[in-house]
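Student: Got a structure for you, questions after.
We did not get these values from a lab; they are worked out from the coordinates using the rules stated. Just so you know, these numbers come straight off a predicted model, no measurement behind them. Using ideal geometry, Cβ is built from the backbone for each residue, glycine included, and neighbour counts are taken over all protein chains shown.
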Amino acid sequence: MIPTTCPHCRTRLEVDLACEGRPVVCGMCQEVFPAHRDDPRPVARVRRRTWDDDDDDDDWEPPRRRRRQSSSGDGAIYALVLGIVSVCIFCLWPIGMITSAVGITLGARALPTRARAMAVTGLVLSTVGMIFAIGFAAVTFAAIAKFGLDDGVGSVRTQQTLKNRR
Ligand SMILES: [Zn+2]
């Protein structure tokens, strides 16, 4: 007897050795098909076992996607842009702190990707932007503390800050 599979209903059958390669009638669906010996495919079975963890779940894994890397590469570009923006607008430090914080986060996340150089640049620029923003904020608060409203700048923001303190 040789193992064979009906191509119409996928039923596994056994036919007499003499019938190999000849038309046989499937006992399930009554279709006629040539009885070819089932391919045992030993190589495929061995490869499959390498990630078979005996949990009876389907062990098929999706192929590793390259999309993930390219999207992280986008993160490096955003980190770079945010870093440049952060350095340029440090005098608007409330915004600069946000952009530099996001730039540092995106740059750090994009470090293990192909766009590593860009991610590092974005990370460094964002950090510099953050330092500038913190420094400018400190200078601003120091100026307010020292000169109060008489420093001539007198922005609405400064006045509101002082009002809240009283
Ligand atoms: Zn059949």
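Student: Starting from the amide H of Val15, placed 1.01 Å from N in the peptide plane, find each other amide H under 5 Å away whose residue is 5 or more places distant or on another chain.
Tutor: Close amide H contacts, sequence-distant or interchain: Ile2, Thr4.
Student: Sort 99-111, 126-138, 23-35 by packing, meaning the average of other beta carbons within 10 Å per residue, with the highest value first.
Tutor: Answer by packing, highest mean first, reads 99-111, 126-138, 23-35.
Student: If you don't mind, there's one more thing I want to ask. Cβ under 15 Å from Val15's Cβ, Val15 left aside: what net charge do those residues give with Lys, Arg +1 and Asp, Glu -1?
Tutor: It works out to a net charge of -2.
Student: Applying the Karplus parametrisation 6.51 cos²θ - 1.76 cosθ + 1.60 with θ = phi - 60° to the phi angles of the range 78-84, what ³J(HN,Hα) value in whole Hz is obtained for each residue in order, glycine and proline being reported as x?
Tutor: Computed from phi, the couplings for the range 78-84 are 4, 4, 5, 4, 5, x, 4 Hz.
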